[in-house]
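The structure appears below as structure tokens.
Values quoted throughout were computed directly from the atomic coordinates according to the rules given, and no laboratory measurement underlies them. Note that the structure is a prediction, hence the values are computed from the model and not measured. Counting neighbours? That spans all protein chains shown, and the Cβs are built from the backbone with ideal geometry, glycine included.
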Amino acid sequence: MLVFLLVFTVFQTNRASAQDENATMPTPKPKPKPKPKPQPTRTQPWGRTPTRSTASSASRSTPRQSAPNIEMVLIPAGTFMRGSPNGVGNNDEHPQREVRVQSFYMGKYEVTQAQYRAVMGTNPSNFKGDDLPVETVSWNDAQEFIRRLNGMQSRYTYRLPSEAEWEYACRAGTTTAFSFGESLSSEQANFDGNYPYGGAPKGVYRQKTVAVGSFQANGFGLYDMHGNVWEWCEDWYHDSYNGAPSDGSAWISGGGQYRVVRGGSWDDLANLLRSAYRVRDSPALRVGNYGFRLVAFART
């Protein structure tokens, strides 16, 4: 009897242990499939939506930056007397010559800092402001800006104005010292108002550039052709108009080591802002009163 009880007890103990082991065994669960890693989002420059082509990857082009909006004014064809009459002006403003100019588009304003930065990615100007004219740019810098701008759009071909085009546009049909008449005060243009011209009263000297379009436009609708910043022209400088083109084109033969700048600036005397006044400088020179304006022709 005692033996039977011992065997029965061992049997019951082993059965309970087996049931406990079966009760605590976890049911195996299938392993979850790994989630795909998110791909990084690529932002296109200038917020442009990427486009896809069926062409091979070797022929796909990278989206280009958007060209800045540059307001242009159509300058009508015409004839004018370039330079100054005898007894007036400096020696390099003579002899006065008749020039025939074809129609062209010209920038309504000097190139601004916002426009320059949109093309070049930098702003070298001393006086900062999006609507201020870009300055501290050389003739070479202006040419590089134009090269890049022409590659960013297909509507116009841009370049610097010829010296004849510049003076024709500045005069806007006038024969006086300025497009506003024979006198100039700092209420009409940005220059050193302590030195007006033609009997005009003394005025303010702002000692810096101002936003383009701050003063009255000339007869062609162009702003700041007198003052604010000097404007580079395409031509090589010659010390007289003997042999100059009579068709309004740039004088790019002969000359020497200097390019032409026109119009005067914020820190000049009014005399230097005359329509016929000329200055020469190295194409590599960068100073705080040199900028530029564009002309353009529609591409055909």
>> Quick check: residue separation of Asn126 and Glu71 times 0.36 nm, minus the Cα distance between them. What number comes out in nm?
In response: 17.4 nm
>> I want to check the label-to-label distance for Thr300 and Arg97. Put each point 7 Å from Cα in the C-beta direction and report it in nm to one decimal.
In response: 2.6
> How far, in nm, would the chain grow between Thr79 and Ser246 when pulled straight, counting 0.36 nm per residue and subtracting the alpha carbon separation?
Replying inline: 59.1 nm
>> Which trypsin sites (Lys or Arg not before Pro) in the range 121-189 sit in a loop by DSSP (not H, G, I, E or B) and have at most 14 other Cβ atoms within 10 Å of their own Cβ?
In response: Lys128, Arg155
> Which ³J(HN,Hα) values in Hz, rounded to whole numbers, follow from the phi angles of the range 122-138 under the Karplus curve 6.51 cos²θ - 1.76 cosθ + 1.60, where θ = phi - 60° and Gly and Pro get x?
Replying inline: 9, 9, x, 5, 7, 9, 8, x, 4, 8, 7, x, 5, 9, 6, 10, 8
>> Using a 7 Å offset from the Cα along the Cα-to-Cβ direction at both Asn86 and Ser214, what is the distance between the two label points in nm, to one decimal?
In response: 4.2
> Looking at the range 209-300, which trypsin sites (Lys or Arg not before Pro) are in a loop (DSSP not H, G, I, E or B) and have at most 13 other Cβ atoms within 10 Å?
Replying inline: Arg299
> What nm distance separates the two modelled labels at Leu269 and Glu182, each placed 7 Å from Cα along Cα→Cβ?
Replying inline: 1.9
>> Run through the range 61-161 and list the GluC sites (Glu not before Pro) located in a DSSP loop whose Cβ has at most 14 other Cβ atoms within 10 Å.
In response: Glu71
>> About the Cα centre, and with charges only on the beta carbon of Lys, Arg (+1) and Asp, Glu (-1), how big is the dipole of the range 72-298? Nearest 20 debye, please.
In response: 380
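When the chain is fully extended, how far beyond the present Cα-Cα distance does Thr174 get from Arg286, taking 0.36 nm per residue of separation?
Numbers: separation 112, 0.36 × 112 = 40.32 nm, distance 3.16 nm.
Length gained, Thr174 through Arg286: 37.2 nm.
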